[in-house]
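Written out below as structure tokens is the structure these notes cover.
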């Protein structure tokens, strides 16, 4: 397909406007106005009754949207705490406490506590508070001197921070944690970091302290929260991010070019192809647009006709995004995913029975219901499949079905 733009003659030096990457802020955020409005509504709560969960498949822009929320919070005088919730931070209750204290200290180190005697909330002692910064050591001291379990100690730290902040100057604090699907209770170790986090924030919010919890993660996140504490369903409002609409996808592809006044622009037919190839997923839009621009820049400077290298872009996307996950699956697991990819509803959700029935048509050695269940659990552990609350399953990676079909086709050609 040949696409030549009239602005490409005498191409000057300019930067590619597209920036694919994990959590990289795009030059233009398309199609997320409703989600930003929902976050704005959460900030307007006079008393925190609903926290937020941002969830969706990889590549839908969860991390980007979370970063977009940050300046929105600042405009309304909310402070911001948080980062990635790593697996190491959730191995134990103590590690979780250390994560919260460390993150809080980066925020509070610029605050000074007043020079007066104040009673610690609910713990039967008094603090002699001097004019000193509320850094890590100060928060750690409060944590260690607060009696009770880990949850009690964290509550003591959070209450200490809130009463030490100059009242009236801020609206509250947003605790925002990405990759929160890593949060899990470890019953076999008698460690319950996820339950502790939920208990702490529910208790703090009941006191009327405006600490808003915002968690971002894969679709496995919310079922884990509900399993840990049944009241979670009443504690959170879920924002499920799906792929962009056709119009928003077009804006994600064209606005960055317009914004930077690039000498190369996309024609309508090029944009149509980008939208189709990307499936409306923001990461894929950025990836595909960047690759097209890089190729067109080289072609233009060499005086060549500018074309879209569709197959080459798909191959690079396969290697960069899909192949690592595919390589971790066993041959039998790949067979099951091949069966999934042949379902008409492979890109939405499917049931065990649908897979069992189709495997009987496709395979000489079909899957039994018990085998299918076991393998779906294993694929869930490896991040390729997730189970929703309705007894259905879905691919956890966007456009994975198309990748699988390409792999099967290539295997047939080489075989």
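The values are calculated or read from the model by the stated rules, or taken from the named source; none is laboratory data. Just so it is clear, the model here is predicted, and its values are computed rather than measured. Here the Cβ is made from the backbone with ideal geometry for all residues, glycine too, and neighbour counts use every protein chain on show.
Quick look at the numbers
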{"read-out": "Residues of the stretch 208-229 satisfying the condition of being surrounded by fewer than 16 Cβ atoms within 10 Å (Cβ to Cβ) and part of a helix (DSSP H, G or I)", "value": "223, 226, 227"}
{"read-out": "Hits in the stretch 333-352 - residues which are surrounded by fewer than 13 Cβ atoms within 10 Å (Cβ to Cβ) and more than 25 Å from the chain's Cα centre (by Cα)", "value": "344"}
{"read-out": "Residue match in the stretch 183-197 (condition: in contact with a strand residue (DSSP E or B) (Cβ under 6 Å, 6 or more places away or on another chain) and in contact (Cβ under 8 Å) with a residue 24 or more places away in the chain)", "value": "no"}
{"read-out": "Candidate set: the stretch 230-264, residues that are in a helix (DSSP H, G or I) and out of contact with any helix residue (DSSP H, G or I) (no Cβ under 8 Å at 6 or more places or on another chain); chosen: the one modelled with the lowest pLDDT", "value": "259"}
{"read-out": "Residue in the stretch 366-386 that is more than 30 Å from residue 226 (Cα to Cα), surrounded by fewer than 18 Cβ atoms within 10 Å (Cβ to Cβ) and at pLDDT 90 or above present", "value": "yes"}
{"read-out": "Unmet requirement for residue 227, which otherwise passes all of (1) within 27 Å of residue 380 (Cα to Cα); (2) in contact with a helix residue (DSSP H, G or I) (Cβ under 8 Å, 6 or more places away or on another chain); (3) at pLDDT below 90", "value": "(2)"}
{"read-out": "Matching residues in the stretch 6-42 - criterion: being out of contact with any helix residue (DSSP H, G or I) (no Cβ under 8 Å at 6 or more places or on another chain) and at pLDDT 85 or above", "value": "33, 34, 37, 38, 41, 42"}
{"read-out": "Test: residue in the stretch 189-200 that is surrounded by 19 or more Cβ atoms within 10 Å (Cβ to Cβ), at pLDDT below 90 and not in a strand (DSSP E or B)", "value": "no"}
{"read-out": "Any hit, the stretch 339-356, residues being part of a helix (DSSP H, G or I) and touching a strand residue (DSSP E or B) at 6+ places or on another chain (Cβ under 7 Å)", "value": "yes"}
{"read-out": "Hits in the stretch 365-393 - residues which are over 20 Å from residue 321 (Cα atoms) and assigned to a loop (DSSP other than H, G, I, E, B)", "value": "365, 366, 367, 368, 388, 389, 390, 391, 392"}
{"read-out": "Pick from the stretch 73-94, criterion surrounded by fewer than 16 Cβ atoms within 10 Å (Cβ to Cβ) and modelled with pLDDT of 90 or more, ranking: farthest from residue 38 (Cα to Cα)", "value": "94"}
{"read-out": "Close pairs (6 angstrom Cβ cut-off, 6 or more residues apart or separate chains): under 14 Å from residue 275 (Cα atoms) and outside the structural domain of residue 57 (by TED's automatic domain parsing) in the stretch 238-260, part of a strand (DSSP E or B) and modelled with pLDDT of 90 or more anywhere", "value": "none"}
{"read-out": "Filter result for residue 166 (over 21 Å from residue 95 (Cβ atoms), touching a strand residue (DSSP E or B) at 6+ places or on another chain (Cβ under 9 Å) and in a loop (DSSP other than H, G, I, E, B))", "value": "no"}
{"read-out": "Residue in the stretch 281-296 that is modelled with pLDDT of 90 or more, surrounded by 13 or more Cβ atoms within 10 Å (Cβ to Cβ) and more than 27 Å from residue 24 (Cα to Cα) present", "value": "no"}
{"read-out": "Qualifying positions in the stretch 230-268 - touching a strand residue (DSSP E or B) at 6+ places or on another chain (Cβ under 8 Å), crowded, with 18+ Cβ neighbours inside 10 Å and farther than 30 Å from residue 17 by Cβ", "value": "235, 236"}
